[in-house]
Amino acid sequence: MRKRNVKPIYILPNIFTSLSLFSGFWAIAEVLDRRFVQASIAIFVACLFDVLDGRVARITNTTSRFGVEYDSLSDLIAFGVAPSLLAYLWALSMYGRFGWLAAFLYVACGALRLARFNVQVETVQKRYFLGLPIPAAASMISSTVLLCSFFGYEE
């Protein structure tokens, strides 16, 4: 009987990726309830888990193609859809279809950035990023909401 080469499922980094995805979903739920500060905090929590999933994968030497793809799908929800909805309902909805279009373009550009990263992940040097990473873009939106809330600006 021949042994099959079966790669083990790398659970630990994927747990952190799932927590990032959950945080993105939490942010969306908060946005839909118009609780923008809580949504911004949830996006920052997603950033924390996103940092941890990559570090854990590298430290434990459990990086995989599956992990890269799952991380990108999680990132699209947590750092693409969630901040886009946040920006739309917090500031852009008053502009009607133009606001809707701006929010959609953010998601589309984020998806394109993630797709490009996945295609180039093995060919580009890892010392620097090409373009603005989507968690950084999401952090800028969340920071704006938090700063405006801190200084008393409401919607």
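Conditions (1) of a type outside the set (Gly, Ala, Ser); (2) within 19 Å of Ser23 (Cβ to Cβ); (3) out of contact with any Pro (no Cβ under 8 Å at 6 or more places or on another chain), marked per residue:
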residue	(1), (2), (3)
Leu48	yes, yes, yes
Val56	yes, yes, no
Arg65	yes, no, yes
Tyr70	yes, yes, yes
Ser74	no, yes, yes
Pro83	yes, yes, yes
Leu86	yes, yes, yes
Leu89	yes, yes, yes
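When Gly54, Gly80 are screened for being touching a residue at least 24 places away in the same chain (Cβ under 8 Å), touching a Gly at 6+ places or on another chain (Cβ under 6 Å) and of a type in the set (Gly, Ala, Ser), only Gly80 passes. Take Tyr88 and decide whether it is without any contact (Cβ under 8 Å) to a residue 24 or more places away in the chain and not in a loop (DSSP other than H, G, I, E, B). Yes, satisfied. Summed over the stretch 34-72, residues that are at pLDDT 90 or above and not in a helix (DSSP H, G or I) total 2. Listed conditions (1) over 24 Å from Gln38 (Cα atoms); (2) under 12 Å from the mean Cα position of the chain (by Cα); (3) free of Cβ contacts under 8 Å to residues at least 12 places away in the same chain are all met by Arg113, apart from (3). Against the conditions (1) more than 10 Å from the chain's Cα centre (by Cα); (2) in a helix (DSSP H, G or I), Phe79 satisfies every one except (1). The combined condition, being surrounded by 13 or more Cβ atoms within 10 Å (Cβ to Cβ), polar (S, T, N, Q), at pLDDT 95 or above and over 13 Å from the mean Cα position of the chain (by Cα), is fulfilled by Ser93.
The values are calculated or read from the model by the stated rules, or taken from the named source; none is laboratory data. Being a predicted model, the structure only gives us computed values, none of them experimental. With ideal geometry, Cβ positions are generated from the backbone for all residues, glycine too; neighbour counts draw on all protein chains shown.
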